[in-house]
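For reference, the structure is listed below as structure tokens.
Just so it is clear, none of the values below were taken in a lab; they were calculated from the coordinates. If you're wondering where the values come from, they're calculated on a predicted model, not measured in any experiment. All Cβ positions, glycine included, derive from the backbone under ideal geometry; neighbour counts span all protein chains shown.
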Amino acid sequence: MINDLKDKLVKKVTEKELLTSQLVEHKESVESLLTHMEDLEEAKVILQKSAQITQKQLSFHIEAIVSQALAAVFDDPYTFKVNFVTRRNYAECDLMFVDSNGTEMKPLDSCGYGASDITSLALRVAYWKLSDNSRNTLILDEPLRNLSLDKQPLAFQMINTLSEKLKIQFLIITHNQGFAESADTIFKVTKDSNGSHIREI
């Protein structure tokens, strides 16, 4: 009987030592995980700050180009604003027009599609400037189809200015005669039973 009790005691002591050892290991593991979580939180803060700086720089760059393009064409232009917002845990970008009263509106909810045409063209230029791209050519298909006739000469001039200042070659496909006549070089595409033909005019 005493031997049985002694054996049970030894067994319990051994179990206690094992559990104590496992407890120490678990505590060390928890401490390691907590340190790792702190490191991850620090990294998250650094990434968030970096993203905010990048978004601010992008906003400034895009807003400047689009606002200048609008000002070159319209007498009382909107300014352009880029709002970065978080939706569904993802950063998204809202593009807005701001009128002279400070009212923000979506471009397609504004007074007409002509301003949206200019904005679209300027956004492509901004994207081209931001991209690591050695090509200096932008191809545009009827970029000013919604712009009123009285504003088109100003838009043509704005495109020429962008081309000269930024060293961009614009290749523009258009049926607009006035637009074509403002170009440095004009090519006419015709089609007959033998196929398409391109000639400089």
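Between residue 187 and residue 57, what is the label-to-label distance in nm when each label sits 7 Å out along the Cα-to-Cβ direction?
Label-label distance for residue 187 and residue 57, simple model: 3.7 nm.
Mind ranking 1-8, 137-144 by how tightly packed they are, going by the mean number of other C-beta atoms within 10 angstrom, highest first?
Ranking the peptides 1-8, 137-144 by packing returns 137-144, 1-8.
For the chain, find the longest principal axis of its Cα atoms and tell me its angle to the long axis of helix 2-73, 0 to 90°, nearest 10.
For helix 2-73, the angle is close to 10 degrees.
Using 1/(1 + (r/R0)^6) with R0 = 22 angstrom and r between the beta carbons of residue 41 and residue 87, what's the FRET efficiency to the nearest 0.05? Don't jump to the answer; show the numbers that get you there.
Working: r = 23 Å, r/R0 = 1.03.
Working from the Cβ atoms, E equals 0.45.
Using a 10 Å cut-off on Cβ atoms, rank the peptides 68-76, 31-39, 166-174, 115-123 from the highest mean neighbour count down.
The densest-packed peptide leads the list: 115-123, 68-76, 166-174, 31-39.
Under the definition of Cα pairs under 8 Å and six or more residues apart, what whole-number percent is the relative contact order of segment 44-200?
Relative contact order for segment 44-200 comes out at 17 percent.
In degrees from 0 to 90, rounded to the nearest 10, what is the angle of the helix 152-166 Cα long axis to the longest principal axis of the chain?
That helix lies at roughly 60 degrees to the long axis.
Using packing as a proxy for protection, rank 176-183, 50-57 so that the peptide with the highest average count of other Cβ atoms within 10 Å comes first.
On the way: 176-183: 14.5, 50-57: 11.8.
So the order, starting with the most tightly packed, is 176-183, 50-57.
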